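K.L.:
The structure under discussion is supplied below as structure tokens; questions concerning it will follow.
The values are calculated or read from the model by the stated rules, or taken from the named source; none is laboratory data. In this text the structure is predicted, and so the values were computed from the model without any measurement. We place every Cβ from the backbone using ideal geometry, glycine too, and count neighbours over all the protein chains shown.
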Amino acid sequence: MGDKKTVRPSGMSRRQFLRTAGIVVGATAAAPLLSACGPLAGGRATGPVKIGLLLPYSDIYAVLGESITAAMEMYFEEVGNEAGGRTIELIKEDTEIKPDVAQQKARKLVEQDEVDLVAGVVSSGVLLALRDYFDANKKLLICANAGANPISRDRKTPYIWRTSFSNWQPNWPVGKWAAENVGKRAFISVPDYAAGENTITSFAHSFVNAGGEIIGVQRTPFPNMGDPAPFMAEIADAEPDLVYAFYSGGAAVTFVKAYADFGLAGNIPLLSSGFMVEEDVLPAQGEAALGVRSGLHWALLLDNPVNQAFTAAYKERTGRDANVFAVQGYDTARVIVEMLNRVEGDTTDVDKMVEVLPDIQFDSPRGPFRFDAKSQNPSQHIYLREVREVDGVLHNVIIEDLGEIADPGDNSKDLEV
Amino acid sequence: METLIIQLLNGLVFSMLLFTMAAGLSLIFGQMDVINLAHGSFYLLGGYIGLTMVRRLGSFWLALVVAPLVVGALGLALEYFFLRRLYGRHRHLDQVLFTFGLALIAADLIRWNWGAYVESVPPPELLSGQIPVFTVQFPVYRLSLIAVGVTLALGLGLLLERTRIGAIIRAGVADAEMVSALGIDIHKVFAGVFALGVALAALAGVLGAPVLNLYPGLDFEILILTLVVVVVGGLGTLRGAFFGSLLIGMADTFGKAFLPEFALFLIFAVMAVVLLLRPSGLFGLEGT
């Protein structure tokens, strides 16, 4: 070590260094700001239907955005890229996981590209940040993932409909199941943002009502938790009967692998909403994920003909197993096509489009798809799944159907911890 | 108390991982006066090459050797064709623009080749498993990172302080013209230092992969972390990078353990305080 003899007469000062580094970092951060401006315009009646996609194509949720896009394109191709007599055109924008970036991209799509409607949105924080813009501008947003509970409740607007889930849905039924089947003292670990908070209150409500007790809650840095070791030590120290967690994308791999590295897997049962061990992250988690039980509205091995056809086609197209995000993308595209057919391609009147949405029903890879009109969100079965080895490969095997569940539409079935 | 000791151990592990990450950046800045904003990209590239080696040949140890060699060779080429034109006292902005542009291109190329899925690298068989430390089963691989960090620090220190090559390197940054006049090819020296610096980044990429995994975007996370370490420690001094790593590693670990809501911001707060008290960093040279 030791370099006390090093002399740098020609060296730059720290101030120069910070200034030059600052210019570059600042310039890249400002780039998206320079894009959007132009008159606000409604949808049109002729020409291609322009659909704006607001999805993360970078950062820890990049694969979620890619999966949704691939499956949407797959469905549009199945119907010949046409709906309601008009061709379909996609305009993709990268929201990262940043609410402010997403807001700029939304303005760019609506005001500059003059899209007829917008679809996508992965992060709950991003969805909440976009809500007022779509509400005020009466622009239709079909949400393909972000489950922020308030969007089905006190922050509901006629112009945002979800084809995915509310965060409450995959968590609430698992709380009761866990208290009855696994243990009574739970420790919760979630990322420190909207979806994490929703996870805590949804799980806690049914878990506590079934006689369980929440002995600790851990909120980790979002989007990147960095070194997970301190959190593992905290869990080991708490000695709970079970850990309930929600992580998705990159953070899911970090958390589940560290849980096994620190010898917690196998000693303290790990349960979660299904995103944490979905097919997009399972290969990277490997054996570390074995035995993790989770609730979700779909599983790769779900036995129905639409799912079999979908999973096979998706694998052929992308070379990877399908995941729940792809299913939601596929259903989002289908909902859009069904809606455009019903309004005969006329996107000038947003209220007409919204009016036909509650009636749309079809067989989805997840089973029957239908909206719950009150929560503007699907009413769907939640399956309890366990990661097991199937023919030498890890998959989520369904061990119980927890029933068809719709979001309550208010906070009556949530518990603040 | 037990928790405190375990978190101290976690902090030490993360500090030493940080040092292996930051050593190359510090070396290139200290000995060449070049700010390499593509440092995180060399880290990530090293990690992914390591991943490919582990998948194809099944050997983590081989990955530890090959990834730094490949990335080091790439560094040599980049230095020869581009960076060499950008040396000099008033060219820091050029260097920053060049290396940052390189980082953006590298991010896309890496994603193009390895995809956006998170990838993980298992630790070598020899170092998998755990040792019980109080209530925690501590992973052996993480403990071994402490030894790696200390060895690397001592090795680099000896290289720079106790060898003829080290003397030439140090002389080169002090007065390149005089060194040239003594019949030493200063270009070769700088090329060698740059290659060594990026090879160290690649080595860190392989070492860090079992702990932090590999995914697009990690390159800029690593860049920011290592910049913080190097600025806190004092720009360009190896001793500074070492103690900067310790300070930031401990701040990160204890922040997560006791103030998780502020964990993201805490290391920057530590940086601000250090710079207020010691504007050149912990071991920086005054008045340059």
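Yes or no, residue by residue, for (1) touching a Leu at 6+ places or on another chain (Cβ under 7 Å); (2) within 17 Å of A:SER273 (Cα to Cα):
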{"position": "A:GLY319", "(1), (2)": "no, no"}
{"position": "A:ASN323", "(1), (2)": "no, yes"}
{"position": "A:ASN341", "(1), (2)": "no, no"}
{"position": "A:ASP351", "(1), (2)": "no, no"}
{"position": "A:VAL356", "(1), (2)": "no, no"}
{"position": "A:LEU384", "(1), (2)": "yes, yes"}
{"position": "A:ASP391", "(1), (2)": "no, no"}
{"position": "A:GLU404", "(1), (2)": "no, yes"}
{"position": "A:GLY409", "(1), (2)": "no, no"}
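K.L.:
Condition first: charged (D, E, K, R) and buried (at least 17 other Cβ atoms within 10 Å of the Cβ). Now tell me which residues in region A:347-369 satisfy that.
P.N.:
If the condition is that a residue be charged (D, E, K, R) and buried (at least 17 other Cβ atoms within 10 Å of the Cβ), then A:ARG366 is the only one that fits.
K.L.:
In region B:12-36, what residues are at pLDDT 95 or above and at the interface with chain A (Cβ under 8 Å from one of its Cβ atoms)?
P.N.:
Selection gives B:VAL13, B:PHE14, B:LEU17.
K.L.:
Kindly list the number of the only condition in (1) touching a residue at least 24 places away in the same chain (Cβ under 8 Å); (2) facing chain A (nearest Cβ under 9 Å) that fails for B:PRO132.
P.N.:
Every condition holds for B:PRO132 apart from (1).
K.L.:
How about region A:313-357: which of its residues are within 21 Å of A:ASN137 (Cα to Cα) and assigned to a helix (DSSP H, G or I)?
P.N.:
Within region A:313-357, A:ILE336, A:MET339, A:LEU340, A:VAL350, A:ASP351, A:LYS352, A:MET353, A:VAL354, A:GLU355, A:VAL356, A:LEU357 meet the criteria.
K.L.:
Of a type in the set (S, T, N, Q), touching a strand residue (DSSP E or B) at 6+ places or on another chain (Cβ under 7 Å) and in contact (Cβ under 8 Å) with a residue 12 or more places away in the chain: which single residue out of A:GLN328, A:GLN380 fits that description?
P.N.:
Result: A:GLN380 is the single residue among A:GLN328, A:GLN380 that is of a type in the set (S, T, N, Q), touching a strand residue (DSSP E or B) at 6+ places or on another chain (Cβ under 7 Å) and in contact (Cβ under 8 Å) with a residue 12 or more places away in the chain.
K.L.:
Hey, another quick one. Scan A:ALA195, A:ALA178, A:ALA229 and give me the residue that is more than 19 Å from the chain's Cα centre (by Cα), touching a residue at least 60 places away in the same chain (Cβ under 8 Å) and either closer than 28 Å to A:ASN377 by Cβ or within 14 Å of chain B (Cβ to nearest Cβ) (or both).
P.N.:
A:ALA178
K.L.:
Is at least one residue of region A:286-298 of a type in the set (D, E, K, R) and either over 26 Å from A:LYS257 (Cβ atoms) or out of contact with any strand residue (DSSP E or B) (no Cβ under 7 Å at 6 or more places or on another chain) (or both)?
P.N.:
Yes, region A:286-298 has at least one match.
K.L.:
Only one of A:ALA309, A:ALA299, A:ALA252, A:ALA313 is under 24 Å from A:ALA186 (Cα atoms) and either surrounded by 20 or more Cβ atoms within 10 Å (Cβ to Cβ) or not assigned by TED's automatic domain parsing to the domain that holds A:ASN396 (or both); which? Show your work before the answer.
P.N.:
Working: A:ALA309 fails: under 24 Å from A:ALA186 (Cα atoms); A:ALA299 fails: under 24 Å from A:ALA186 (Cα atoms); A:ALA313 fails: under 24 Å from A:ALA186 (Cα atoms).
Unique residue meeting the criteria: A:ALA252.
K.L.:
Return the pair list, or none, for Cβ contacts closer than 6 Å from residues in region B:257-277 that are closer than 12 Å to A:PHE222 by Cα to residues that are assigned to a helix (DSSP H, G or I) and not hydroxyl-bearing (Ser, Thr, Tyr), at least 6 apart or on different chains.
P.N.:
The qualifying pairs are B:ALA263/B:GLY255; B:ALA263/B:LYS256.
K.L.:
Which of the residues spanning region A:83-97 are among the charged types (D, E, K, R) and either surrounded by 19 or more Cβ atoms within 10 Å (Cβ to Cβ) or modelled with pLDDT under 95 (or both)? Working first, answer last.
P.N.:
So in region A:83-97, the residues among the charged types (D, E, K, R) come out as A:86, A:89, A:92-94, A:96.
Answer for region A:83-97, where residues must be among the charged types (D, E, K, R) and either surrounded by 19 or more Cβ atoms within 10 Å (Cβ to Cβ) or modelled with pLDDT under 95 (or both): A:ARG86, A:GLU93, A:GLU96.
K.L.:
Still on this structure: Within region A:107-128, work out how many residues are under 20 Å from A:ASP331 (Cβ atoms) and in contact with a Pro (Cβ under 6 Å, 6 or more places away or on another chain).
P.N.:
The number of residues fulfilling the criteria is 2.
K.L.:
Looking at (1) within 14 Å of chain B (Cβ to nearest Cβ); (2) at pLDDT 95 or above; (3) part of a loop (DSSP other than H, G, I, E, B); (4) surrounded by fewer than 23 Cβ atoms within 10 Å (Cβ to Cβ), which is the only condition A:GLY80 fails?
P.N.:
Failed condition: (1).
K.L.:
So in region A:391-408, with the set limited to residues that are without any contact (Cβ under 8 Å) to a residue 24 or more places away in the chain and not in a strand (DSSP E or B), which one is nearest to A:ARG366 (Cα to Cα)? Can you show your working first?
P.N.:
Going through region A:391-408, the residues without any contact (Cβ under 8 Å) to a residue 24 or more places away in the chain turn out to be A:391-393, A:401.
Filter once more, keeping what is not in a strand (DSSP E or B): A:391-392.
Numbers: A:ASP391: 23, A:GLY392: 24 Å.
The qualifying residue nearest to A:ARG366 (Cα to Cα) is A:ASP391.
K.L.:
Next question. Does at least one position in region A:149-167 carry a residue that is in a loop (DSSP other than H, G, I, E, B) and closer than 18 Å to A:PHE222 by Cβ?
P.N.:
There is at least one residue in region A:149-167 that is in a loop (DSSP other than H, G, I, E, B) and closer than 18 Å to A:PHE222 by Cβ.
K.L.:
While we're on this one: Among the residues that make up region B:190-199, is at least one of them surrounded by 22 or more Cβ atoms within 10 Å (Cβ to Cβ), within 11 Å of chain A (Cβ to nearest Cβ) and modelled with pLDDT of 90 or more?
P.N.:
Within region B:190-199 (the criterion being surrounded by 22 or more Cβ atoms within 10 Å (Cβ to Cβ), within 11 Å of chain A (Cβ to nearest Cβ) and modelled with pLDDT of 90 or more), the answer is no, since none of the residues qualifies.
K.L.:
State yes or no: is A:VAL281 buried (at least 22 other Cβ atoms within 10 Å of the Cβ) and over 24 Å from A:THR201 (Cβ atoms)?
P.N.:
yes
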